[in-house]
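Trainee: Got a structure here, written out as C-alpha cells. Questions coming.
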Amino acid sequence: MSNNFNKTLYACCFGYVVQAVVNNFLPLLFAYFTSFYGIPFYLISFIVFYNFGLQIIVDCFSANLTLKLGYRKTAILSCAVAMLGLIVVGIVPIFTVNATIIYVAVLISVTLMAIGGGITEVILSPLVEALPLVNKAAKLNFLHSFYCVGHILVVLLATVYFKFIGIDYWFVFSLILAVIPIVGLILFINCPILAPLGDKKPVKKLELFKNKTFILFFIIMIMAGACEQAVAQWISYFAEEGLQVDKATGDLVGALSFAFFMFISRLFFGLKQKQFNVLKALLACSVCMALAIILSAVIPNKWISLILFSISGLFVGIMWPGTYAFAGETFKTGGTVMFAVLALGGDIGCTLGPSFVGLIGEIFSVEIGVFASMIFPIILSILAIILLKKLAKKEAKNIDKNT
C-alpha cells in the first residue's frame, strides 16, 4: 500500500460526512413524524436524548475497542453499522404505517447509527493527529469542517428529494443515504493507517482526570457539544412549527444555513489557525453565540430569530475542533484514550443541549427552549476565561509528568 497519507485524511473527512448523515437525517423528519404518524412531542425529544446518550456509552468503550481491533477494522466497523441503521429504518416503513412499529424501527436504527457515529467520533481525530502532516491544528479544523459538509449534503439532498419525490417516501431516501457509509467503508479499506504516539503506552482515563487543566478541557467539550446540537437538532422544527413554513423552506433557511455557517467558520479557522489564540477565539465565539441567542429572544420577529440562530453556526463552528486541537497540543501523548474521553464530553453535551431544549419545549415551547440554551455558551465563556488565566500563570501541567 502506498504511503499516501492524504488518502487517510480524505477517508477521515468522509468519515465525518457519514457521522453528519446519521446525526442529522432523522431530525429533518421530526415535524413529519408528529403530523403524519401522530408520534407525541416527548417521544420525538427522546430520540435525540437516546441517540447522543447511547453515543456517550459507546465513547466509553471505543478506545479499548480500537486498541484491541486496530484503527482500520474499527473504522470499517463504524461505517458498516451506520449503513445498517439507515437500511433498517428504510425497510420497515415499506411494510407498515403503524406508528408504534415505525417508532420502534426508528429507535433500532438510531441504536445502530449511534454506535457507528460514536466510534467514528472517537477515532477520526487521533487518526489525523498521528499522520506526518504539517500544521495539524489546521488539518483538524479541515477534518471537522466535513461534518458540516455532510450536514449540508444531507439537507440539500433531502430538500430536493422531498420536493420532487415527496416526503411520504422518506424511507426510500434513507436507503439511498446508506450508500454514503458504504463509500466510507471502501475508503478506510484502501488508506494507510498510523497509530497515535500515545497508544504505545495508553494513558488511563482516571489519570487524565487527575489533571485539573484536562478537567477544564473536558467540561468545555461538554459545553461545545451542547451549544452545537441545541440549535442543530431543533432549528428545522423551530422553522416549521414556529414560522409555519413548508418543509423545504424550514430545512433550507434553518438546518442548511446553520451548517453552512459552521462550515465557513471551521474552514476559515483551519486556514488562519496560526494567527489565532485558540482559547481567545473560543471565548469570543461563546460570547457572540450567547448574544445571538439573547437578541433572538428579545426581537419579536421570528424570521429574525431564525436568521440569528443560523448565523450562530459561525460562532459554534470552532468550539469542538478548536478544543480538540488545543488539547492535542497540550497533552501530546494523550493518544486515543484522551480523544475518546474528550469525545465523551462532547457527546454528553450533545445529549444535554437538545434534551434541555426538548424539555423546556415540552413545558413551554421550542422557541423558549432554544432561547434557554444561551446558558451553554455563557458557561463556556466562563470556563475559557478560567483556562486562559490558568495557562497565563503557567499552572498547566503536562500530562506526560502525571502518567
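Trainee: Normalise the Debye intensity by I(0) for the chain, one equal point scatterer per Cα, no solvent, then take log10 at q = 0.07, 0.08, 0.12 Å⁻¹ and round to two decimals.
Mentor: With no solvent term, the Cα-only Debye profile gives -0.29, -0.38, -0.89.
Trainee: When the chain is treated as a GNM, springs tying every alpha-carbon pair under 10 Å, which of Gly328, Gly353, Gly166 comes out with the largest mean-square fluctuation?
Mentor: Comparing Gly328, Gly353, Gly166 in the GNM, the peak value goes to Gly166.
Trainee: Note down the net charge around Val48, summing +1 for each Lys or Arg and -1 for each Asp or Glu among other residues with Cβ under 15 Å from its Cβ. It would help to have the intermediate numbers written out before the result.
Mentor: Details: positive: none; negative: Glu228, Asp347, Glu362.
Once positives and negatives cancel, what remains is -3.
Trainee: Over the range 1-152, what relative contact order in percent results from Cα pairs under 8 Å that are six or more residues apart?
Mentor: On the way: 155 pairs, mean separation 65.5, N = 152.
Reported as a whole number, the value is 43 percent.
Trainee: Taking 0.36 nm per intervening residue step and subtracting the Cα-Cα distance, what contour gain separates Leu206 from Arg72 on full extension? Intermediate values should be presented prior to the final figure.
Mentor: On the way: separation 134, 0.36 × 134 = 48.24 nm, distance 2.67 nm.
That pair, Leu206 and Arg72, stretches by 45.6 nm at full extension.
Trainee: Which entries of Lys73/Lys272; Lys7/Lys163; Lys7/Lys73; Lys210/Lys389; Lys7/Lys280; Lys272/Lys389 show an alpha-carbon separation above 26 angstrom in the structure shown? Mind dumping the intermediate values first?
Mentor: Details: Lys73/Lys272 34 Å; Lys7/Lys163 35 Å; Lys7/Lys73 16 Å; Lys210/Lys389 19 Å; Lys7/Lys280 33 Å; Lys272/Lys389 24 Å.
In this structure, Lys73/Lys272; Lys7/Lys163; Lys7/Lys280 lie more than 26 Å apart at Cα.
Trainee: If each of Val160 and Asn4 carries a label point 7 Å out from its Cα toward its Cβ, how far apart are those two points in nm?
Mentor: Distance between label points: 2.7 nm.
Trainee: Here's something else I'd like to know. Measure out, as a whole number of angstrom, how far apart the alpha-carbon centroids of the range 308-331 and the range 18-65 sit.
Mentor: Here the answer is 22 Å between Cα centres.
Trainee: If each residue's Cβ is checked for other Cβ atoms within 10 Å, how do Phe261, Phe171, Phe238 rank with the fewest at the top?
Mentor: Details: Phe261 20, Phe171 17, Phe238 25.
Ascending Cβ contact count within 10 Å gives the list Phe171, Phe261, Phe238.
Trainee: Of the residues Gln233, Gln19, Gln244, which exhibits the maximal mean-square fluctuation in a Gaussian network model of the chain defined by a 10 Å Cα contact cut-off?
Mentor: Fluctuation is largest for Gln244.
Trainee: Label-point separation (nm) for Val287 and Lys272, each offset 7 Å from Cα along Cα-to-Cβ?
Mentor: If labels sit at Val287 and Lys272, their model points lie 1.7 nm apart.
Trainee: With label points built 7 Å along Cα→Cβ from the Cα atoms of Asn301 and Ile176, find their separation and express it in nm.
Mentor: 3.5 nm
Trainee: Which of Thr74, Thr213, Thr34 ends up with the largest GNM mean-square fluctuation for the chain, with Cα atoms connected below 10 Å?
Mentor: Of Thr74, Thr213, Thr34, the most mobile in the Gaussian network model is Thr34.
Trainee: Using the Karplus curve 6.51 cos²θ - 1.76 cosθ + 1.60 with θ = phi - 60°, what ³J(HN,Hα) values do you get for each residue of the range 258-268, in whole Hz, with x for Gly and Pro?
Mentor: Values, residue by residue: 4, 5, 4, 5, 4, 4, 4, 4, 5, 5, 4 Hz.
Trainee: Take the Cβ-Cβ distance between Ser35 and Lys389 as r, set R0 to 56 Å, and report the resulting FRET efficiency rounded to the nearest 0.05. Before the final figure, lay out each step's value.
Mentor: Values: r = 50 Å, r/R0 = 0.90.
With a Förster radius of 56 Å, E is 0.65.
Trainee: Ranked by Cβ crowding within 10 angstrom, fewest neighbours first, how are Ile180, Ile87 ordered?
Mentor: Numbers: Ile180 24, Ile87 17.
Ascending number of Cβ neighbours within 10 Å: Ile87, Ile180.
Trainee: Please compute the length gained on full extension between Ile311 and Tyr169, using 0.36 nm multiplied by the number of residues separating them and subtracting their Cα-Cα distance.
Mentor: Using 0.36 nm per residue and subtracting the Cα-Cα distance, I get 48.0 nm.
Trainee: Just from its helices, what would the mean residue ellipticity at 222 nm be for the chain, if runs of 4 or more DSSP H residues each count -39500 (n - 2.57) and the sum is divided by every residue, rounded to the nearest 500 deg cm²/dmol?
Mentor: Details: 18 runs with 307 residues, N = 403.
Computed mean residue ellipticity for the chain: -25500 deg cm²/dmol.
Trainee: For the residues Tyr37, Tyr324, Tyr71, what sequence is obtained by ranking on other C-beta atoms within 10 Å, fewest first?
Mentor: Numbers: Tyr37 18, Tyr324 29, Tyr71 22.
Lowest count first: Tyr37, Tyr71, Tyr324.
Trainee: Further, regarding this structure: With a cut-off of 8 Å between alpha carbons and a minimum separation of six or more residues, what is the relative contact order of the chain in percent? Walk me through the numbers on the way to the answer.
Mentor: Values: 682 pairs, mean separation 105.0, N = 403.
Relative contact order comes out at 26 percent.
Only the coordinates and a few stated rules stand behind these numbers; no lab work does. Fair warning: this is a prediction, and the values are worked out from it, not measured in the lab. Here the Cβ is made from the backbone with ideal geometry for all residues, glycine too, and neighbour counts use every protein chain on show.
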